[in-house]
Amino acid sequence: MTDILMPALSPTMEEGTLAKWNIKAGDTVSSGQIIAEIETDKATMEVEAVDEGVVDAILVPEGSEGVKVNTPIARLKGEGGASSPPPAAAPAAEPAPAAAKAPEAAAPPPAARVANDPEVPAGTTFKRQTVRDALRDAMAEEMRRDPKVFLMGEEVAQYQGAYKVSRDLLQEFGEKRVIDTPITEHGFAGLAAGAAFTGLRPIVEFMTFNFAMQAMDQIINSAAKTRYMSGGQMQCPIVFRGPNGAAARVGAQHSQDYSAWYGSVPGLKVVAPYDAADAKGLLKAAIRDPNPVVFLEHEMIYGTEFDVPEVDDWVLPIGKAKVRREGRDLTITAHSRAVGMALAAAEILAGEGIEAEVVDLRTLRPLDTETIIASVQKTSRLVTVEEGWGPYGVGAEVCAQVALNAFDYLDAPPMRVHCEDVPMPYAANLEALAIPSVDKIVKAAKTVCNR
Amino acid sequence: MARQTQARKNGAAKTAPRNDILLDAYRDMLMIRRFEERAGQLYGMGLIGGFCHLYIGQEAIAVGMQQAARPGDQIITAYRDHGHMLAAGIDPKVVMAELTGRSAGISRGKGGSMHMFSVEKGFFGGHGIVGAQVSLGTGLGFSNKYNDNGNVSFTYCGDGAINQGQVYESFNMAELWKLPVVYVIENNQYAMGTSVERSSSEVELYKRGLSFNIPGEQVDGMDVVAVREAAIKAVEHARTKGPIILEMKTYRYRGHSMSDPAKYRSRDEVDEVRTKRDPIDHLKALLEKEGMADEASLKEIDTEVKRIVAEAAEFARTAPEPDPAELYTDVYLEA
């Protein structure tokens, strides 16, 4: 007997819908035959048989949702001894890896007091929405509002987005405004910047920001600097967006956080939201902004659902941090996916009598120093969290601002939690060790609290 | 600059009387030559700093191309940009004042020789990274197509930039999307100190678009009449069909920049071009031969150009530097 297991069809897939079976009990299956269709939140994929044999039983009926990866979904009566070995759990090297995948997703979002945002009118309803769909809605709303807004990038149109962020935009706006590019980051970033010089408002999607390194010259030398170099005569209203930071198990060249790189460049605005409401409100603001905006998303939270207020035009201010959890004992700053880890850590710390205040930076340039300083003046202790490397990083900048503006308030040296100082490893245990984790944040928090 | 722009300002370059067109060209080329000579002088006096790339020898290209442009068309080039700006009809005073880093400069003293822009005249810079302007210029063409406005992007680059990868990324997209772009390769035969033969596996640069199905033509860039005729055809192609490449064979008389001693070529080589192929001498001879101008009327143009350049230099020398508070302005536009 050979079990056919629910396959992982992308680096980040954890579960999916078994949409359709093409086989039934008693059928003979040959290698390479398409046996089923599986839907993930990104795509519908066909599954090919690896092993050959006669179908003994379908274990998971079609239409089943939320089928976990590696669940047996069908059983074959083996032929000719061709059978897969059972999926052995990888032997864990010491120390055992912490849960590598989005521990924050499991933790219920702690009740957050919203600071700095526009008032949500009383009686407003909220809808549960993934970050992915919130980003899509933001683009769609702005494209409806302004005919000068268009989207270009690799696979944004016919394929509906490599991560499905641009789903249905081609259908609504047509190929004039939703444009598939060749794999040409340097070229299309420059082309889009040139178009923005004339007053068009391009949204450039990088499949990931790792590939934007090819385009960095245009982002910095052309988009960011031209306004200044022209004495204010030129403009470049453009958004460069896409997933940033570490995905899962994709190795060093596809797992880098560029926050600090772009955050250091005058002329750029840099936004890195965490939840769906911020993703929507800040992307709308970025598209309207007359300056070039680098908008850093995160693949690991595209599929996470949050509450999004159902108001007509949800636009948030760029340059404002958000206190996501109030606390008196220490301040934890974070942005993007790390906010979830910080919130989960705060929950654990609360159980041990330490009340952490979590400041979601949201915008990295201009950095909302005021909110950070006010928090540290209250708590006197600081831990910074980021997925980027430590040296010259976002945490380093936050620490410098705190040292400069709240030195006398500090009761302990601040600590930084960040990616280890290595290129991202592939092995599951090493990867988990390299990136920030809830555990690391809890440890750092206890250290600065002398606990 | 009143008279020199009459013919093209009216968008009537193709139909204006031939002698007006050629006299305009003569005056514009002379303006660039005298302007650049004066810029070189001011550089020597320490009034202009940093990099300063002079256009002397290449005047026929910017001027001949501009005669095929109509209002709304865009021009973009790299850092050897003074000539294109003057040809586009930008006031020499504000260009020279930018070179001296004064607040009256066209970029308010913040750009310098390599970074000047005039949205009003359709001049989109003035870019310092070799080849970057080709992608940007392709984007200007993209915008024209998006807005369906019938305008053409004149995207210039040199024989050095033509070996940059993003140039080919741009060619590919331009032809794929049929963007109205005329790519003008100003082949002055040296990318800084490296000759085309030493840097390019295919030295016939007009062929560089062939694998993208972009047609190309080689033009004598020292002959403004030839440039103008090629430009008119190319612009028509760009407006109606898509991108096209013009390779202008030309020569720069000065070093790559003011600080380049130009040891990579012989004095004889430079003198040969100066004496036998000079674009201004060539046009002057043509004007006289065809009886379109006599010695006296050309002298009159000479005198006027010299006066304008002298005034520009004086303006640039005496205008105040930017206020220190200007350091922090123009980084962002208020949202």
Every residue from the stretch A:286-304 that is surrounded by fewer than 24 Cβ atoms within 10 Å (Cβ to Cβ) and within 14 Å of chain B (Cβ to nearest Cβ): A:Arg288, A:Asp289, A:Pro290, A:Asn291
Some residue of the stretch B:40-50 being more than 14 Å from every other protein chain (Cβ to nearest Cβ) and crowded, with 24+ Cβ neighbours inside 10 Å: no
Hey, B:Lys306 part of a helix (DSSP H, G or I), among the basic types (Lys, Arg) and closer than 22 Å to B:Arg18 by Cα or not: no
Single match in A:Ala215, A:Ala157, A:Ala193 (criterion: at negative phi and in contact (Cβ under 8 Å) with a residue 40 or more places away in the chain): A:Ala193
Some residue of the stretch A:162-172 being aromatic (Phe, Trp, Tyr) and within 22 Å of the chain's Cα centre (by Cα): yes
Set B:Glu321, B:Glu326, B:Glu334: member being surrounded by 15 or more Cβ atoms within 10 Å (Cβ to Cβ), over 26 Å from the mean Cα position of the chain (by Cα) and within 14 Å of chain A (Cβ to nearest Cβ): B:Glu326
Some residue of the stretch B:58-66 being modelled with pLDDT of 95 or more, within 11 Å of chain A (Cβ to nearest Cβ) and surrounded by 24 or more Cβ atoms within 10 Å (Cβ to Cβ): no
Residue that is farthest from B:His127 (Cα to Cα), among those in the stretch A:210-222 that are surrounded by 24 or more Cβ atoms within 10 Å (Cβ to Cβ) and at the interface with another protein chain (Cβ under 7 Å from one of its Cβ atoms): A:Gln218
Unique residue being at pLDDT 95 or above and farther than 27 Å from A:Gln253 by Cβ when the list is A:Gln218, A:Gln214, A:Gln158, A:Gln171: A:Gln171
Candidate set: the stretch A:266-281, residues that are of a type in the set (A, V, I, L, M, F, W, C) and farther than 14 Å from A:Asp133 by Cα; chosen: the one nearest to the other protein chains (Cβ to nearest Cβ): A:Leu268
Residue among B:Ile301, B:Ile245 that alone is of a type in the set (Val, Ile, Thr) and not in a helix (DSSP H, G or I): B:Ile245
Residue ranges of helices (runs of 4 or more DSSP H) in the stretch A:124-209 with at least 2 members closer than 23 Å to A:Ile220 by Cα and within 14 Å of chain B (Cβ to nearest Cβ): A:185-197
Complete set of residues in the stretch A:406-426 that are surrounded by fewer than 16 Cβ atoms within 10 Å (Cβ to Cβ), of a type outside the set (D, E, K, R) and free of Cβ contacts under 8 Å to residues at least 60 places away in the same chain: A:Phe407, A:Tyr409, A:Ala412, A:Pro413, A:Val422
Members of the stretch B:106-125 found to be in a loop (DSSP other than H, G, I, E, B), at the interface with another protein chain (Cβ under 8 Å from one of its Cβ atoms), over 19 Å from A:Ile220 (Cβ atoms) and not charged (D, E, K, R), listed by number: B:Ile106, B:Gly109, B:Met116, B:Val119
Subset of the stretch A:239-280 (residues that are more than 24 Å from A:Glu397 (Cβ to Cβ) and either crowded, with 21+ Cβ neighbours inside 10 Å or under 12 Å from the mean Cα position of the chain (by Cα) (or both)): A:Ala247, A:Ala248, A:Ala276, A:Ala277, A:Lys280
Qualifying strands (runs of 3 or more DSSP E) (wholly inside the stretch B:126-224; at least 1 residues being without any contact (Cβ under 8 Å) to a residue 60 or more places away in the chain, more than 8 Å from chain A (Cβ to nearest Cβ) and touching a helix residue (DSSP H, G or I) at 6+ places or on another chain (Cβ under 9 Å)): B:216-220
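The values are calculated or read from the model by the stated rules, or taken from the named source; none is laboratory data. Because the structure is predicted, anything quoted here is derived from the model rather than measured. Here Cβ is always computed from backbone atoms with ideal geometry, including for glycine, and neighbour counts include all displayed protein chains.
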